[in-house]
Amino acid sequence: MSDFEGVSVLVTGGSRGIGLAISKAFAERGAKVTMMDILADHADEAMAATGHPDRCRFVAGDVSDADSASAAIDAAVEHGGGLDVLVNNAGITRDTLLMRMKDADWDQVMGVNLKGTFLMTKAASRRLMKSPRGRLINIASVVGMTGNAGQANYAASKAGVVGFTKSIAKELAGRGVTANAVAPGFIQTDMTAELPEGAAERLMSLIPMSRLGTVEDVAEVVVFLASPQAGYVTGQVIPVDGGMVM
Ligand code: NAP
């Protein structure tokens, strides 16, 4: 449990859903966690929910904005005395069929999911290289591998995250930084709370393990990838999906 004592971790979208579970999992193991989110209204509640508010700091900012990204990295460095682990988790959906998809639906999803991952990683890269165990973990999606009707923007952004992750893995391997992606399947969060009628049953039939994923299922794999035990794992995409995509 003390593997992360004093380790500095920044989690984007870190105060809700999967991001909050990731923040909590690191804080429980002794890490100094900076949680970045676009809205600050639930900051205190989110830090309390980790069980270790003293180890957490909240920073408001938009990952798709370069100045916000730099400011968040600076805040994490100040809070944690450096930066060892960046988890690019912030993500949005604007689902609709291609014929109805507005340019703004495309641009917003690409801006947060893909450009945000690029901006945060770029701003963090020097700090990660200075760390004795620099780790980049990007949250992709199985949809980035399989595609999904009604999610052309989201699937393209997540496929982009996979290509980005593998490229950074190659660029930073020589500097001792690993870069991996976690691809959740269908996880119970606000993002998936509202499904069209019958969709949940249809989805369940596609999951060999016959249950939706929990935020903890994803968080534990992220923690493993950030651990010393995963020091020789880089450029990989790890599905956490109950066997949906094999
Ligand atoms: P969620 O509950 O909707 O939470 C998303 C988080 O991202 C929120 O904390 C939100 O902040 C933050 N965020 C949104 N836009 C942002 C921006 N521009 N800058 C900074 N933070 C921003 O989503 P989730 O289900 O936990 O998903 C987390 C990640 O997992 C996403 O990348 C998602 O694509 C991926 N994923 C989820 C599932 C699933 O089944 N849930 C499946 C595959 C992949 P506010 O609270 O301030 O709005």
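The values are calculated or read from the model by the stated rules, or taken from the named source; none is laboratory data. Keep in mind the model is a prediction, meaning the values are calculated, not measured. Cβ coordinates were reconstructed from backbone atoms using ideal geometry, including for glycine residues, and neighbour counts include every protein chain displayed.
Quick look at the numbers
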item	result
Close pairs from region 204-230: first at negative phi and buried (at least 21 other Cβ atoms within 10 Å of the Cβ), partner aromatic (Phe, Trp, Tyr) and assigned to a helix (DSSP H, G or I), Cβ under 9 Å, at least 6 apart	Ala219/Phe26; Val222/Phe26; Val223/Phe26; Ala226/Phe26
Condition check for Val162: of a type in the set (A, V, I, L, M, F, W, C) and either part of a helix (DSSP H, G or I) or surrounded by fewer than 15 Cβ atoms within 10 Å (Cβ to Cβ) (or both)	yes
Positions within region 206-228 being of a type in the set (S, T, N, Q) and modelled with pLDDT of 95 or more, in sequence order	Thr214, Ser227
Verdict on Asp44 being among the acidic types (Asp, Glu) and in contact with a strand residue (DSSP E or B) (Cβ under 7 Å, 6 or more places away or on another chain)	no
Test result for Ser157, farther than 20 Å from Ser8 by Cα, surrounded by fewer than 17 Cβ atoms within 10 Å (Cβ to Cβ) and either within 16 Å of the ligand (Cβ to nearest atom) or not β-branched (Val, Ile, Thr) (or both)	no
Any pair with Cβ under 6 angstrom, 6 or more apart, that starts in region 13-38 at a residue that is in contact (Cβ under 8 Å) with a residue 60 or more places away in the chain and ends at one that is charged (D, E, K, R)	Gly17/Asp190; Ala21/Glu216; Arg29/Asp3
Residue count, region 79-111 (criterion: over 20 Å from Ala21 (Cα atoms) and touching a residue at least 12 places away in the same chain (Cβ under 8 Å))	14
Selected residue (criterion: farthest from Leu225 (Cα to Cα)) from residues of region 137-150 that are near the ligand (Cβ under 10 Å from one of its atoms) and of a type outside the set (A, V, I, L, M, F, W, C)	Gly144
Among (1) touching a helix residue (DSSP H, G or I) at 6+ places or on another chain (Cβ under 8 Å); (2) part of a helix (DSSP H, G or I); (3) within 16 Å of the ligand (Cβ to nearest atom) - the single one Met129 does not satisfy	(3)
Top-ranked residue in region 103-116 [being within 11 Å of the ligand (Cβ to nearest atom) and out of contact with any helix residue (DSSP H, G or I) (no Cβ under 7 Å at 6 or more places or on another chain); ranked as farthest from Val7 (Cα to Cα)]	Gln108
Criterion violated by Val11 - all others in (1) out of contact with any Phe, Trp or Tyr (no Cβ under 9 Å at 6 or more places or on another chain); (2) within 21 Å of Asn138 (Cα to Cα) satisfied	(1)
Subset of region 174-200 (residues that are surrounded by fewer than 10 Cβ atoms within 10 Å (Cβ to Cβ), within 10 Å of the ligand (Cβ to nearest atom) and either assigned to a loop (DSSP other than H, G, I, E, B) or aliphatic (A, V, I, L, M) (or both))	Ala193
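Condition check ((1) touching a residue at least 60 places away in the same chain (Cβ under 8 Å); (2) within 15 Å of the ligand (Cβ to nearest atom)) across all residues:
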residue: Phe118; (1), (2): no, yes
residue: Thr121; (1), (2): no, yes
residue: Ala124; (1), (2): yes, yes
residue: Arg135; (1), (2): yes, no
